[in-house]
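Down below is the structure, laid out as structure tokens.
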Amino acid sequence: MKRVAIIGGSFDPIHLGHIEMGKLAKKELGVDEVWYIPTHQTPLKDRELTEDEHRKKMVEIAIQDEATFKLNPIELDRKKKSYTYHTLKKLLKDEPDTEFYVLIGSDQMAQFQDWKNADKLVSMAHFICVDRDGSFGRNDYDLECMPMKQIPVSSSMIREGNGLNYVDPRVLEYIYANRLYIQDFVKSRVRHHRFLHSLSVAKLCEKFAQGNGLDPQKAYLAGLFHDVCKSMLPDQMRPWVEAIAPQYVNASTSIWHGFVGGEVIDRVFGIKDRQIKNAIRWHVLGLSDEPYAKIVYCADKLDPLRGYDSSALIKACEKDIDHGFDLTKDQNDKYIHQKRKEGTK
């Protein structure tokens, strides 16, 4: 009989831990194939999942290098709550000459008694608990345990922009291209008003790029992440500034988040685009002649949420970013000069 390992889950998103689980099944269980089965709606989770097609595509991207790894859309096609009992019943009917091994995590094992028809499930397939953190203990169903080296990541961590180094770079590229989770990357790191400002700036950056024949996606990302390090404390930013912008170590710490942000989006968020990094780096001071840097500088200063009428300058930037930048920079320099003048009185 053909031996198939099943790895089910929301895969929202899929990460390297899921891939290593499949490789372990191949090595330790000697299965012929590993089937990844994304859920349409997870019964024991209330969270609304990312659209089926996106999660399906991310799985396809992540497993493309493994010839014996397959995506099976059986639960997505059903368009109902995804119960393993229904899935196995259908698979056994369609694949009578196949022996199934269902791999579950320790967290799923802890809830196994709550699964639909749990007593019947254990007679339909081999259930194997993949123990990734050493928490697996004795269980009422006498399920076999298969230890696996710890991979310190979860899909929930990734949705907040943590552990992105455990995401296939091609999957991460898909995430950014389709703007999945990325607002939460920023939201989890800044205060609420700063998050709203970041969304507004991103939208304005996109508008400026479209008006000037530039890449709206690149502009959007630069705008969204421009203040991602705004909530960092000076002591946290100082080592970064000393390393990447030592000439500004003695400058006001209020400008540091731009320099730090330009590096963080690369090292933490995997955004390697040089123009995006440069735009974030100089968005406070406006000392770059690159178009995306001008876009972010202007969008940041002209954000409607700042509470003053910036509509004329916004129109100028949308029509011609070079001219709009000159006008915006001149206005901002005059504003700063006036504030300093008032401060000396």
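The values are calculated or read from the model by the stated rules, or taken from the named source; none is laboratory data. Not measured: the values here are computed from a predicted model. Positions of Cβ are backbone-derived with ideal geometry, glycine not excepted, and every protein chain shown enters the neighbour counts. In case anyone asks, the SASA skips ligands and DNA or RNA and just uses the protein heavy atoms, side chains included. Shrake-Rupley method; radii C 1.70, N 1.55, O 1.52, S 1.80 Å.
Distance between the pseudo-spin-label points of LYS93 and ASP330 (7 Å out from Cα toward the beta carbon): 7.5 nm. Ranked by the mean number of other Cβ atoms within 10 Å of their residues, highest first, the peptides 305-311, 329-335, 219-225 come out as 219-225, 329-335, 305-311. For the set TYR101, TYR36, TYR166, solvent exposure ranked by accessible area (probe 1.4 Å, protein chains only) runs largest to smallest as TYR166, TYR101, TYR36. Each other residue within a Cβ distance under 14 Å of THR253 adds +1 if Lys or Arg and -1 if Asp or Glu, for a net charge of 0.
Quick one: grab the alpha carbon gyration tensor of region 1-119, order the square roots of its eigenvalues as a ≥ b ≥ c, and give me rounded if a/c is under 1.5, else prolate or oblate depending on whether a/b is larger than b/c. Rounded. Average accessible surface for region 193-267: 42 Å² per residue, computed with a 1.4 Å probe over protein heavy atoms with every protein chain in place.
Start at zero, step by 10 Å, and the Cα-Cα distances of region 55-198 spread as 9, 28, 35, 21, 6, 1 percent across the bins.
Size of region 173-235: Rg and Dmax of its alpha carbons, in Å, are 12.2, 40. Only DSSP H runs of four or more residues enter the estimate; each adds -39500 (n - 2.57), and after division by the residues of the chain the mean residue ellipticity at 222 nm equals -15000 deg cm²/dmol. Atom-type composition of the exposed protein surface of region 266-345 places 51 percent of the accessible area on carbon and sulfur (1.4 angstrom probe). In this simple spin-label approximation, ARG170 and ARG267 carry label points 7 Å from Cα along the Cα→Cβ vector, and these lie 2.9 nm apart. The protection proxy used here, the mean number of other Cβ atoms lying within 10 Å of each residue, ranks peptides 263-271, 124-132 as follows, highest first: 124-132, 263-271.
Net length available on complete extension from LYS339 to LYS319 is 4.2 nm, with 0.36 nm assigned per residue and the Cα-Cα distance removed.
Compared with the dominant principal axis of the Cα atoms in the chain, helix 84-94 is inclined by about 60°. Basic side chains Lys and Arg get +1 at the Cβ, acidic Asp and Glu get -1 at the Cβ, and with that the dipole of the chain about its Cα centre reaches some 940 debye. Shown here is the pair-distance distribution of region 93-175: with all Cα-Cα distances grouped in 5 Å bins from zero up to the longest one, the shares run 3, 12, 19, 17, 14, 14, 13, 7, 1 percent. Angle of helix 321-343 to the longest C-alpha principal axis of the chain, folded into 0 to 90 degrees and rounded to 10: 70°.
The slack in the chain from HIS86 to SER154, taken as 0.36 nm per residue of separation less the alpha-carbon distance, amounts to 21.9 nm. Averaged over its residues, region 102-174 has an accessible area of 54 Å² per residue, based on protein heavy atoms and a 1.4 Å probe.
Looking at the square roots a ≥ b ≥ c of the eigenvalues of the Cα gyration tensor of region 203-345, which shape do they give, rounded for a/c under 1.5, prolate if a/b is larger than b/c, or oblate? In terms of gyration-tensor shape, oblate.
Taking a ≥ b ≥ c as the square roots of the Cα gyration tensor eigenvalues, the chain comes out prolate, since a/c reaches at least 1.5 and a/b is larger than b/c.
The fraction of accessible area contributed by carbon and sulfur in region 76-212 is 45 percent, rounded to a whole number (1.4 Å probe; ligands and nucleic acids excluded). Using every pair of distinct Cα positions in region 214-255, the Kirkwood expression returns a hydrodynamic radius of 11.8 angstrom.
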